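For reference, the structure is listed below as C-alpha cells.
The values are calculated or read from the model by the stated rules, or taken from the named source; none is laboratory data. Fair warning: this is a prediction, and the values are worked out from it, not measured in the lab. Cβ sites come from the backbone with ideal geometry, for glycine too, and all protein chains shown count toward neighbours.
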Amino acid sequence: MKSKVKFPSLTIITVVKNDISGLILTTNSVLAQNGVAIQHIIVDGGSVDGSQEYSLMHSDTHCESKVDGGIYFGMKRGAEIAEGAYVMFLNSGDFLKDGTSLGRVLSQLENEGSEWGFGPVIELTSRETEIITKRPNVIDLQSVAYRRAFVPFPTSIYKKTFYDSLGGIQTKYKIASDFELIVKAMKSSEPFYWNIPLVKFAAGGISYESAPLSWKEEHEIRKTLLQLNKPRVLFSWLKVKLRILKWNFGKILDLLYERGLIKGKHWRDIRGDEFNE
C-alpha cells in the first residue's frame with residue numbers, strides 16, 4: 001500500500017465523516033503547499049454525503065472507508081499507514097493558512113532536531129472574528145498538563161518515530177485522547193515552539209459543546225500520566241470543577257451578548273489576539 005508521493009517529508013492525516021465541503025477546503029489547502037513533500041491520508045468514517053468517494057479519489061494512500069468508532073479511531077488508522085518522517089493531524093474543515101508556512105516550519109523543526117513541536121493556531125469564531133492563540137509564558141510538563149500552556153493539537157507536528165514510541169493516538173477517551181498524546185510527548189521531550197500560525201480552524205464542535213466531559217477526561221489523564229498523589233488529585237479535580245463553573249458562566253455571558261445586553265468586544269475574543277494578515 002504505497003503512497004502516491006515518493007519519500008514524503010510529512011504525512012498529514014485528515015479524518016472526515018459527512019463533511020464534504022470541509023474536506024474539500026482541507027484538501028485544497030494541502031494541495032496548495034510548496035516546499036514540502038506531503039503524503040495526505042484521508043480517513044473516512046463511513047460517510048454518505050460524497051466524502052467517501054472524494055476521500056478515495058484524493059487520498060495519497062488508500063484507507064478503507066468504514067464506521068470505525070470515532071475520530072481517534074480514524075486518526076489511529078491513518079497513522080498506522082503513514083510514511084512521512086513527520087506526522088500531523090488536520091481534520092476535515094481545518095485548513096492550512098497559506099502555501100509556504102508549513103514548509104518553513106518543518107525546516108525549522110528539522111534544523112532544531114526536536115522530536116516534536118507546535119505553534120499558534122487561528123480560531124475562526126462563530127462571531128466572524130479570527131483569534132490567534134497567545135504564546136505560553138512557560139512551556140513545561142506542569143503548565144501543559146494543567147492547561148496553563150495551551151498546545152493546539154491541529155498545529156502539533158511529531159517525528160514519526162517519536163510518535164510511534166509514545167504509542168500513538170489512543171482511543172480510550174472520547175474527547176481528550178489528543179491531550180493524552182500531548183502530555184505523553186511533553187513527558188518525553190521538550191517541544192520546539194514556532195511563532196508562525198499554520199492552521200485555521202472553526203471553533204465549536206464536540207470539544208466545545210461537551211467541554212465538561214473533556215475536562216473530566218483530562219483529569220483522569222493527569223492522574224495516570226503524572227501519577228498524582230491524593231492532594232494533587234484533589235487539586236486537579238477542583239480545577240475541573242472551577243473550569244465547569246466558568247464554562248457555565250460563559251454560556252450566560254454568551255446569551256447576554258447575543259441579546260445585546262452587553263456591548264463591545266466579545267469576552268471570548270479577549271482570550272487571544274486578533275489576527276490580521
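So here's what we get for this one:
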quantity	calculated
Hits in segment 45-70 - residues which are part of a loop (DSSP other than H, G, I, E, B), under 24 Å from THR171 (Cα atoms) and in contact (Cβ under 8 Å) with a residue 40 or more places away in the chain	THR61, HIS62, GLY69, GLY70
When residues of segment 52-74 are limited to those that are of a type outside the set (Asp, Glu) and touching a helix residue (DSSP H, G or I) at 6+ places or on another chain (Cβ under 8 Å), the one surrounded by the most Cβ atoms within 10 Å (Cβ to Cβ)	SER55
Residues of segment 136-147 classified as surrounded by 14 or more Cβ atoms within 10 Å (Cβ to Cβ) and either in a loop (DSSP other than H, G, I, E, B) or touching a residue at least 12 places away in the same chain (Cβ under 8 Å) (or both), total	7
Output for segment 233-266, where each listed residue is aliphatic (A, V, I, L, M) and not in a helix (DSSP H, G or I)	LEU261, ILE262
Cβ pairs under 6 Å, 6+ apart, first in segment 261-273 and at pLDDT 75 or above, second in a loop (DSSP other than H, G, I, E, B)	HIS266/ARG127
Residues of segment 148-164 classified as in a loop (DSSP other than H, G, I, E, B) and closer than 19 Å to LEU90 by Cβ, total	4
Residues of segment 16-42 that turn out to be over 21 Å from PHE162 (Cβ atoms), among the hydrophobic types (A, V, I, L, M, F, W, C) and not in a loop (DSSP other than H, G, I, E, B), as a count	8
From SER214, SER236, SER207, residue being modelled with pLDDT of 85 or more, within 24 Å of PHE89 (Cβ to Cβ) and either loosely packed, with under 14 Cβ neighbours inside 10 Å or among the polar types (S, T, N, Q) (or both)	SER214
Candidates LEU181, LEU166, LEU198, LEU225 - the one that is in contact with a strand residue (DSSP E or B) (Cβ under 9 Å, 6 or more places away or on another chain), more than 29 Å from SER126 (Cα to Cα) and at pLDDT 95 or above	LEU166
